[in-house]
Amino acid sequence: MSTPDKKSKKELTVEQKINRRNFISFSTFAVLAAGAVGGWEWLYKSPEETAGITAGARKPLRRALNKTELFFRRVFSDNHMVKIYPKSMAAKRVRVNSDIGIEADKKFDPSNWKLQVAKKGGEVLQISLQELMTLPKTEIIYDFKCVEGWDQISHWGGVRFKDFIEHYKLDDYTKMQYVGMETPDKGYYIGLDMPSAMHPQTLLAYEMNDKLLPLENGAPLRLIIPVKYGIKNLKRVGSITFSNTRPRDYWAEQGYDYYSGL
Amino acid sequence: MKAIKEKHSLTMRWCHWVNFPILTIMIWSGMLIYWANDEYYIKIFGHTYFRFFPDWFYNTLKIPHRLSEGMAFHFLFMWFFTLNGIFYIIYTIISGDWRELVPKKNSFKEAFLVVLHDLHIRKMAPPQNKYNAAQRIAYTAIIIMGIGSVITGLAIYKPVQFYYLTWICGGYHFARILHFALTLGYVFFFLIHIVQVILAGWNNFRSVISGFEVINENPKPAIETTNTDNDEHSR
């Protein structure tokens, strides 16, 4: 800040130096402060993104979320396992936070249910629960984490998504980037990046606390994906699709991060 | 006679003033997030003394129902908060300014005397350079708290990918409590900081913007001595 002025003929007095430096530093400070306030105003009042696969967030903030996703995807690894707990720690009363897509007043008969997997060329694989239950069962007791901030240790059982893919010879589809899942009524839907879906702890669960899923917890089949917040853990999976673009996602349309990974 | 005494480096001033609005935004957006599961309170022997936070507080600051917005802001400004902090720490180490900052052996004892002096219980304050003992402790603590916020933040932001951080922080649940408590710490720090800055006066405040303080130098003795411990001179 205090570059001595070599051109001036007279040495500045201390008083002049003080005034000069005060002037420079305070005006710089004022300009930067005004810039910061202006920058904040711009960001705070920036327009909402055009509604598409994602919606409800300010444009620059959505950009930031997507960039941040790219960064944290680099640290994602199949070797990073979600911590597991002893069975005794699992909650007996599992919290039910939402019933979007599985509302009780909607007519739904689990016995008529079949999982629909959309394959290339319009072919749809129909899989019954009985059939799924013949596949090797995997159980997990882990700390379920909600985007709201609460967490609960819960116990789930079902088919690993990875095993499911292998069993139905869908390996080719895992070369695609995304998996989409929707409830039978299409009221709730999620999109997952392939690495998260193929994580060894991702389950298509049909059991909770050693019993078949209750309706409010997503019977007959729900997604348990411990590397994601609860919002991605779709209850009552109706259909599964594969794509190279982001499938639609209920909460990403409400301003939440599409990735929502843990 | 008046003289200029250099006090704060440009980098230190930059980091300080950049951090101030960023931390404010982090605390605000953090509250938007916390609201969605506001489960903390101070309870002693069964009596709840304070709930974080009362409804009037939320409503005054327009906090309710803004979780997604809070997350979007929080996860953008976390980058600036972290980078600014890293920049400051690296600068402080390389420049040697840490010598003026970190507590010394006698700082903890001395800080007590400083507090007594500030509370007008003791007349004399211990001699100091740039920072007194209490400041050394407070300003070092706030840097450690900043590191703590980044670590506890990562521990709850990516508890699977950074499982070891979550483990260090005592688990997901406890990490969230720590992250929250650190924020309360900032607010507490801020309040004391503001009072101290007001009490210290204009000369001190200005030095965090312009970098220097104006001091009164004793007139030079008529007979020149070779004693050069007057280090104001060399600047």
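Give, in nm to one decimal, the length gained when the segment between B:THR60 and B:PHE45 is fully stretched (0.36 nm per residue of separation minus the Cα-Cα distance).
2.4 nm
Seen from every direction in turn and averaged, the convex hull around the alpha carbons of the stretch A:85-159 projects onto 7.7 nm². Modelled label positions at B:ASN218 and A:SER243, each set 7 Å beyond Cα in the direction of Cβ, lie 8.1 nm from each other. Counting pairs of Cα atoms in the stretch B:2-216, how many percent are more than 31 Å apart? That tail contains 31 percent of the Cα-Cα pairs.
The trypsin sites (Lys or Arg not before Pro) found in the stretch A:55-101 that occupy coil by DSSP, while having at most 15 further C-beta atoms within 10 Å, are A:ARG74, A:LYS92, A:ARG93, A:ARG95.
Assign unit charges at the C-beta atoms only (+1 for Lys and Arg, -1 for Asp and Glu), then state the dipole size of chain B relative to its Cα centre in Debye, rounded to the nearest 20.
220 debye
Measuring r between the beta carbons of B:PHE87 and B:ARG122 and using R0 = 35 Å, the FRET efficiency lands at 0.40. The simple spin-label model puts a point 7 Å past each Cα toward its Cβ; for A:LEU170 and B:TRP28 those points are separated by 4.5 nm. Highest mobility in the GNM of chain B, judged by mean-square fluctuation with C-alpha springs under 10 Å and restricted to B:THR60, B:THR11, B:THR166, is found for B:THR60. Eigen-decomposition of the gyration tensor built on the alpha-carbon atoms of the stretch B:85-198 gives equivalent ellipsoid semi-axes of 32, 17, 12 angstrom, largest listed first. The B:ILE168 and A:ALA36 beta-carbon pair, evaluated with R₀ = 30 Å, returns a calculated FRET efficiency of approximately 0.30. Compactness of the protein assembly as shown was expressed as the Cα radius of gyration divided by 2.2 N^0.38 Å, which yields 1.27.
Once you've got the Cα coordinates, tell me which of A:LYS162/A:LYS235; A:LYS59/A:LYS120; A:LYS67/B:LYS158; A:LYS186/A:LYS211; A:LYS162/A:LYS232 are over 24 Å apart.
The answer is A:LYS59/A:LYS120; A:LYS186/A:LYS211.
Here A:ASP185 and B:ILE143 are evaluated by their C-beta separation; at R0 = 45 Å the FRET efficiency comes out at 0.25.
For the stretch A:53-69, 3J(HN,Hα) computed residue by residue from phi via the Karplus equation (6.51, -1.76, 1.60; θ = phi - 60°) reads 4, 10, 7, x, 10, 5, 3, x, 6, 5, 4, 5, 4, 5, 5, 5, 4 Hz, glycine and proline entered as x. Between the listed residues A:ALA197, B:ILE86, A:VAL159, the Cα displaced farthest toward the positive end of the dipole of the protein assembly as shown, a dipole computed from Cβ unit charges relative to the Cα centre, is found at B:ILE86.
Partners of B:LYS5 within straight-line reach, counting lysines whose Cα lies under 26 Å from its Cα and excluding those fewer than 8 residues away in the same chain: A:LYS6, A:LYS7, A:LYS9, A:LYS10, A:LYS17, B:LYS104, B:LYS123, B:LYS130, B:LYS220.
Computed from the alpha carbon positions, the gyration tensor of the stretch A:1-90 leads to an equivalent ellipsoid with semi-axes of 53, 23, 13 Å, biggest first. Residue exposure proxy: B:HIS65, B:HIS8, B:HIS193, B:HIS179, ordered by other Cβ atoms within 10 angstrom of their Cβ from fewest to most, comes out as B:HIS65, B:HIS193, B:HIS8, B:HIS179. Model label points for A:GLU123 and B:ILE194, set 7 angstrom from Cα along the Cα-to-Cβ axis, are 6.8 nm apart. Which whole DSSP H helices in chain B pass both tests: a Cα extent of 24 Å or more along the axis and a mean Kyte-Doolittle value no lower than 0.5? Qualifying helices, which must be both long enough and hydrophobic enough, are B:10-35, B:67-95, B:133-157, B:172-200. One Cα centroid belongs to the stretch A:25-77, the other to the stretch A:194-262; the line between them spans 29 Å. If the segment from B:ALA181 to B:MET1 were pulled out straight at 0.36 nm per residue, it would be longer than the present Cα-Cα gap by 60.0 nm.
Separation of the stretch B:128-180 from the stretch A:79-157 is 35 Å, based on Cα centroids.
Values in this text are rule-based calculations from the coordinates and carry no lab data. Everything numeric here is computed off the predicted structure, so don't read it as measured data. Please note: Cβ atoms are built from the backbone with ideal geometry, for glycine as well, and neighbour counts cover all protein chains shown.
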